[in-house]
Each structure stands twice: as structure tokens, then as C-alpha cells.
Amino acid sequence: MISDFFVTKLETSQVFDEKGNLSVVTKLQALPLTVVQVKTVAKDGYWAILCQLPKTAHKFWRREIRLTEEPQLKINDQIKLADVLKPGELIKVSGISKGKGFAGVVKRHHFKGVGGQTHGQSDRQRAPGSIGMRTTPGRVWKGHRMAGHMGDETVSVRNLTVISFDTTTNLLVVSGTVPGARHSLIKLSKAHVKN
């Protein structure tokens, strides 16, 4: 049983329901996935299918979907979103967040800065402050929040809802916002909600 699917992010938008309430939605392009390889327990140690999704006119994304049992699919078979997800289902969405380069502690970790903007403190408003320790342990703890590379990492958002899917245009609409830039690859997984 396939529980994952790969799509392309188009844009974040908004819709109004019958009562006039505003909801934020994300529009995704869900083109059929083409099977290019079938992995078996005997040869690879696990069941999986390697799928291909168009990136541009001549380039493709290739991603693996793990399975719990032997797939009935063959090479060049197509997997459609309608066979995996239905409107109203809860999903987990994963993507690579937008890269923001080297960021300071105010932007990266929401520090409020050191001291006030008076008494000659011309360049300390966005400083991290003291990071050192005393004699024990005499070092800076690993993982201390400091300035550094921000974004460009895998982010997952759980319990988003499939609003609609148009089979003619392959346009998928899900509730909420999805990580990543426009035209980036997004992974959809069925949410396993415990009762």
C-alpha cells in the first residue's frame, strides 16, 4: 500500500467558505509519478519503488517510496494522486525550507538584543550577549544558540487537510502553509493519527 506521494509547490493562497470565513491554503501540482525501478527484499533488502517526477522540460526528480509488501507495479506504470489520497484526509507535508543565509541571533533565535539603545551603546542592540561559563564547565555548551546558517533544512507540517484535487489540471489544494519555495519538491504522507 502506497502512503507517500511527491508533488510540486505552486503558491500559497486563500479561500472563503460558505459562511465567509477566510482560510489559508496551498496549491500544489500533483502530476502522476512514473515508476522507474522496483526494489525487492531478495535483491535490495526491502520493498520500494523508485519514482520519477518532471522538474523541467528535460530534468526529473527521482525519489523512493518505501513499501511494507510486494508492489503490484511494474516499470513505466503511473501512480496517480487519486489512488493514494482522497479529499478530507489528514496528511503530513515535508519540504526543504527557504534558505536565509547567515543570520544573527535576533533573526535566527528571536533574541531581543542586549541592553537599551542609550548610554553610548551604538552597536549592541542585536548582539547575543555573554556566551561563556564559569570555571565549571569552563567551555560553551554544545548546541548553544548562536548566529549561523538559517533555513535550507527539511521541515514537516502535520495534520493538514486535503481540500480538493482536480484530475484534469492535476491541481491539489491543501489547508495551511507548506514549507519550501515555489516549484520546490514536496512530500505528502498519510497522517497516522492515534485515537
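Kindly indicate the residue of segment 23-54 that is in a loop (DSSP other than H, G, I, E, B) and within 15 Å of residue 170 (Cβ to Cβ) and also farthest from the chain's Cα centre (by Cα) among those meeting that condition.
My answer is 32.
Which residue out of 13, 3 is surrounded by fewer than 18 Cβ atoms within 10 Å (Cβ to Cβ), under 18 Å from residue 90 (Cα atoms) and not aliphatic (A, V, I, L, M)?
Answer to the check: 3.
Only one of (1) at pLDDT below 95; (2) in contact with a Phe, Trp or Tyr (Cβ under 8 Å, 6 or more places away or on another chain) is not met by residue 61, so which one is it?
(1)
Could you tell me which residue of segment 153-195 is farthest from the chain's Cα centre (by Cα), considering only residues that are in a strand (DSSP E or B), within 20 Å of residue 33 (Cα to Cα) and of a type in the set (Gly, Ala, Ser)?
Only one residue tops the list, namely 164.
Out of curiosity, is residue 40 over 23 Å from residue 90 (Cα atoms) and among the hydroxyl-bearing types (Ser, Thr, Tyr)?
Judged against the criteria, residue 40 is a match.
Kindly indicate the residue of segment 79-103 that is open to solvent by 100 Å² or more (accessible area, probe 1.4 Å) and more than 18 Å from the chain's Cα centre (by Cα) and also farthest from residue 2 (Cα to Cα) among those meeting that condition.
102
When residue 27 is evaluated against the numbered criteria (1) among the basic types (Lys, Arg); (2) touching a strand residue (DSSP E or B) at 6+ places or on another chain (Cβ under 6 Å); (3) open to solvent by 70 Å² or more (accessible area, probe 1.4 Å), which criterion, by number, is the only one it fails?
All conditions pass for residue 27, except number (3).
Being in a loop (DSSP other than H, G, I, E, B) and open to solvent by less than 100 Å² (accessible area, probe 1.4 Å) is the filter here; which residues of segment 104-121 pass it?
104, 111, 113, 114, 115, 116, 118, 120, 121
Restricting segment 153-192 to residues that are of a type outside the set (S, T, N, Q) and open to solvent by 90 Å² or more (accessible area, probe 1.4 Å), which is nearest to residue 65 (Cα to Cα)?
Among residues in segment 153-192 that are of a type outside the set (S, T, N, Q) and open to solvent by 90 Å² or more (accessible area, probe 1.4 Å), the one nearest to residue 65 (Cα to Cα) is 192.
Of all residues being surrounded by fewer than 13 Cβ atoms within 10 Å (Cβ to Cβ) and of a type in the set (A, V, I, L, M) in segment 40-78, which is nearest to residue 167 (Cα to Cα)? Just the residue, please.
Among those that are surrounded by fewer than 13 Cβ atoms within 10 Å (Cβ to Cβ) and of a type in the set (A, V, I, L, M), it is 57.
Looking for something in a strand (DSSP E or B), among the aromatic types (Phe, Trp, Tyr) and open to solvent by 50 Å² or more (accessible area, probe 1.4 Å) - is there at least one such residue anywhere in segment 135-142?
Among the residues of segment 135-142, not one is in a strand (DSSP E or B), among the aromatic types (Phe, Trp, Tyr) and open to solvent by 50 Å² or more (accessible area, probe 1.4 Å), which makes the answer no.
The values are calculated or read from the model by the stated rules, or taken from the named source; none is laboratory data. Quick caveat, the model's predicted, so the values are computed rather than measured. When we count neighbours, we look across all protein chains shown, and the Cβ atoms used for this are built from the backbone with ideal geometry, even at glycine. Heads up: the accessible areas ignore ligands, DNA and RNA and are worked out on the full protein's heavy atoms, side chains in. Shrake-Rupley method; radii C 1.70, N 1.55, O 1.52, S 1.80 Å.
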